[in-house]
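The values are calculated or read from the model by the stated rules, or taken from the named source; none is laboratory data. These numbers were taken from a predicted model, which means no experiment stands behind them. When we count neighbours, we look across all protein chains shown, and the Cβ atoms used for this are built from the backbone with ideal geometry, even at glycine.
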Amino acid sequence: MATGRTYLDWNATAPIDPAARDAMQAAAGTWANPSSIHAEGRRARALIEDCRERIASHLGARPEQLIFVSGGTEALALALTGTQPSQVIASATEHVAVLAAVPGAAVIPVDAAGRLDPAALATRLLPGALVAVQHANNETGVIQPIDDVLEVVRAAGARLLVDAVQTAGKLPLPASDFLAVSAHKLGGPPGVGVLVARCRDGVTATQRGGGQERGLRGGTENLVGIAGFAAALDARAADAAWMDRAGVLRDRLEARLQAAGGEVVAGNASRLATTAMLRMPGTPAETQLIHFDLAGFAVSSGSACSSGKVGGSHVLAAMGVAGADECIRVSLGWTTGVAEVDAFADAWEALTHRRRAA
Amino acid sequence: MSIYLDYQATTPCDPEVVAAMQPYWTQLFGNPHSQHRHGWEAAAAVDVARGKVAAVVSAAADEVVFTSGATEANNLALKGVMARSHRRRIVTLATEHSCVLETARWLEGEGCALTLLGVGSDGIVDLDALAAALDDDVALVSVMAVNNEIGVIQPLAEIGALARRAGARFHCDAAQGFGRIPLDMPAMAIDLLSLSGHKIYGPKGIGALVVSNGLDLAPQLHGGGQEGRGLRSGTVPVPLVVGLGKAAAIAVERMSGDRASARALWDTMASTLAVPFVINGSIGARWPGNLNIRFESVDGDRLIADLRRLSISSGAACASAKGRHSHVLEALGLSRAEAKASLRIGWGRFSTEDEVRSAAVMIAEAVEAQQRQAA
């Protein structure tokens, strides 16, 4: 058991919110198949539809625009392939779930601050294209100028898919044609997510059979997971100030590390307040991860899904970050406190001093 | 309080499964792909569950690819095999689950060829017809283990032998059979097997495709490549995987006990039901927790509406929500009227003899009331 350890890898996954856990326990009593027409089935259906309304309102959508899926990866895949776009255009720092789903996608570069240039996008756009852009990057927290991107996309007769996996429950969500959200990044359970399709025209199912989700996603709904998802979004919305608290802690951490010789990737960019990509010059990320693990901190060198694999971060490479292999990601959550952040800064300073002395 | 007799639609989660998942909903929440202690603990739990699932079907742990359920597993099996095969044809049965049939028809639209084999009035595949349909253009034979509507069990070992001889892959949708009947992938020559958590007293939102080692399959969900060496992307939901593993282990432990009690409840239902009925599908080759029956001069939907205290169905849940008729009963040769006069009654681990006996009395009364009105 990982007790007594400090978890600072909230962008990989978050602990389930107690409110979500309670909602899931309550929902476990409503276990029937929501497509069944008997009383148990109708109760399960009613629970899903209640959750759909709550989730929709948190995401700034209408209930009928929601398609429940197994997570962020499936939500993205459904939009990318289920809309059969004439072309997919993605920023170079998109999650691998986007880049790997459409190997033929046109890739738009980002600047050193990780930002996509809407004007550069405009020159590549064709009608019928689908543009995939993250609201905020999972590794650096850099927030993309979605409103400007949307303007350019609309002017070209294209459509916009926003990957909001890292921002739902954290920031107000932008307008878009499609929005992908995962429950386990915001205090809900793993195994459930949603695609918001503001316009269902031209969307076809990619996972076929059964006709659930109004024909757009076959498979018995993950009822308990959906209940946890809704409760987690309720909990995030009920404590709207948590992101401000996280921002204060993140800035405090970065200030200390910068004073000790550390560098913050895209430090001047508009970033998600929970996320810091930090460079310790001269110390490989691998060395840092081992040190922090022994010291009791869970941090990462980037995206969890690729951190077990060889090869550096495509995000940092796209930004041209110097010393990308000396960077680690620290990400905070709603229960992260000042003592945890200070303890991590102490450990960071201890390592950098030891490395300099050696 | 109503009596739940719709165990083919879904099953309640076993309390032992709920208990096994509990710590993974809370303190052990790590992302199994993270390279730190929280992640390693989660990854270890996934590995244990993987072994438990594999053991049920005599597979190796690394052959298990966790998915969001049987629908995803079936989609992955059919699309994944066809994308990588130079052969073009899929052979399947008219009585398969709608997710297999819809995926096969979609593949047909993409340029694959499709042979839909009929079944006998007992619901069982005609092995001679299958053998005749197999040639060197058949890439995949897809046949379910236990039918979700009528409970009949297909002769899997014979089908597997025929498919192998023809050089085709054999996919078995075992959503209703996994953990209920003995399944041995190597012995039955099953190359791909789909299963679902919520049909075996596990959680919803999780399932698996077991893929024989060495079989080349095209991924359908791309990204981090977390499962099956890149075969399926998306963060693996650890609590659900742990729950599926526990459910699989319990199913193996209780396989003969569960079967014997299902059989005893079958006898109770059949002997208590005091109106004439005809059983749809084979009686011998059947999972005894399913009874699909029809009555003279009744309307099944009205019967279900009349039987307010019973949770039963006229067929697959996903079809019943849309009022579709049963393609399975049609394939048995039933007329539209006979299909409409049919009920699917399913019991399982938590059903009691009292419940089944009361249900039989209620069904008989409701059937007689309708028949009196019709007369």
What pairs can you find where one residue is in segment A:108-121 and free of Cβ contacts under 8 Å to residues at least 24 places away in the same chain, the other is part of a helix (DSSP H, G or I), and their Cβ atoms are less than 9 Å apart, with a gap of 6+ or different chains? A:ILE108/A:ALA120; A:ILE108/A:LEU121
When you check B:SER351 against the structure, is it of a type in the set (S, T, N, Q), surrounded by 22 or more Cβ atoms within 10 Å (Cβ to Cβ) and in contact (Cβ under 8 Å) with a residue 12 or more places away in the chain, yes or no? no
Would you please name the residue that is farthest from the chain's Cα centre (by Cα), looking only at residues in segment A:135-179 that are acidic (Asp, Glu) and surrounded by fewer than 24 Cβ atoms within 10 Å (Cβ to Cβ)? A:GLU151
Scanning segment A:22-41 for residues that are at the interface with chain B (Cβ under 10 Å from one of its Cβ atoms), assigned to a helix (DSSP H, G or I) and not hydrophobic (A, V, I, L, M, F, W, C), the one farthest from the chain's Cα centre (by Cα) turns out to be A:GLU40
Do the conditions hold for A:ARG62, that is, is it farther than 30 Å from A:PHE344 by Cα and either crowded, with 16+ Cβ neighbours inside 10 Å or more than 7 Å from every other protein chain (Cβ to nearest Cβ) (or both)? yes
For the structure I just gave you, tell me whether B:VAL46 is within 8 Å of chain A (Cβ to nearest Cβ), in a helix (DSSP H, G or I), among the aliphatic types (A, V, I, L, M) and on the phi < 0 side of the Ramachandran plot. no
Restricting segment A:314-358 to residues that are among the charged types (D, E, K, R) and in contact with a helix residue (DSSP H, G or I) (Cβ under 7 Å, 6 or more places away or on another chain), the residue that is surrounded by the fewest Cβ atoms within 10 Å (Cβ to Cβ): A:ASP325
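Please work out if B:ALA132 is over 20 Å from B:SER212 (Cβ atoms) and over 15 Å from the mean Cα position of the chain (by Cα).
yes
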What is the residue count in segment A:202-238 for residues that are at pLDDT below 95 and away from chain B (no Cβ under 13 Å)? 2
Just a yes or no: is a residue in segment A:212-226 within 26 Å of A:LEU351 (Cβ to Cβ), free of Cβ contacts under 8 Å to residues at least 12 places away in the same chain and not aliphatic (A, V, I, L, M)? no
Sort out which residues of segment A:245-264 are closer than 18 Å to A:HIS135 by Cβ and either touching a residue at least 40 places away in the same chain (Cβ under 8 Å) or loosely packed, with under 14 Cβ neighbours inside 10 Å (or both), and write them in order of number. A:ALA246, A:ARG250
When you look at A:VAL194, is it in a loop (DSSP other than H, G, I, E, B), closer than 22 Å to B:LEU240 by Cα and touching a residue at least 60 places away in the same chain (Cβ under 8 Å), yes or no? no
In segment A:16-64, the residues that are over 20 Å from A:PRO190 (Cα atoms) and of a type in the set (Val, Ile, Thr): A:ILE37
Part of a loop (DSSP other than H, G, I, E, B) and outside the structural domain of B:VAL56 (by TED's automatic domain parsing): does that describe B:SER297? yes
Out of the residues in segment A:335-358 that are β-branched (Val, Ile, Thr) and assigned to a helix (DSSP H, G or I), which is farthest from A:ILE16 (Cα to Cα)? A:THR352
Contact list please: Cβ distance under 8 Å, first residue in segment B:290-306 and within 14 Å of another protein chain (Cβ to nearest Cβ), second residue among the β-branched types (Val, Ile, Thr), pairs at least six apart or on different chains. B:LEU303/B:ILE363; B:LEU303/B:VAL367; B:ILE304/A:ILE37; B:ILE304/B:ILE312
Log entry, pairs with first residue in segment B:10-23 being at the interface with chain A (Cβ under 10 Å from one of its Cβ atoms) and assigned to a loop (DSSP other than H, G, I, E, B), second being at pLDDT 95 or above and surrounded by fewer than 19 Cβ atoms within 10 Å (Cβ to Cβ), beta carbons closer than 7 Å, six or more apart or on different chains, reads B:PRO12/B:PHE350
Residues of segment A:1-15 satisfying the condition of being surrounded by fewer than 24 Cβ atoms within 10 Å (Cβ to Cβ), modelled with pLDDT of 90 or more and within 7 Å of chain B (Cβ to nearest Cβ): A:ARG5, A:PRO15
Would you mind stating whether B:ILE345 is farther than 22 Å from B:GLN373 by Cβ and either among the hydrophobic types (A, V, I, L, M, F, W, C) or away from every other protein chain (no Cβ under 14 Å) (or both)? yes
Any idea which residue in segment B:212-226 is surrounded by the most Cβ atoms within 10 Å (Cβ to Cβ), counting only those that are within 14 Å of chain A (Cβ to nearest Cβ) and part of a loop (DSSP other than H, G, I, E, B)? B:GLY223
Check segment B:273-280 and report whether any residue there is more than 13 Å from every other protein chain (Cβ to nearest Cβ), outside any loop (DSSP other than H, G, I, E, B) and farther than 29 Å from B:PRO186 by Cα. yes
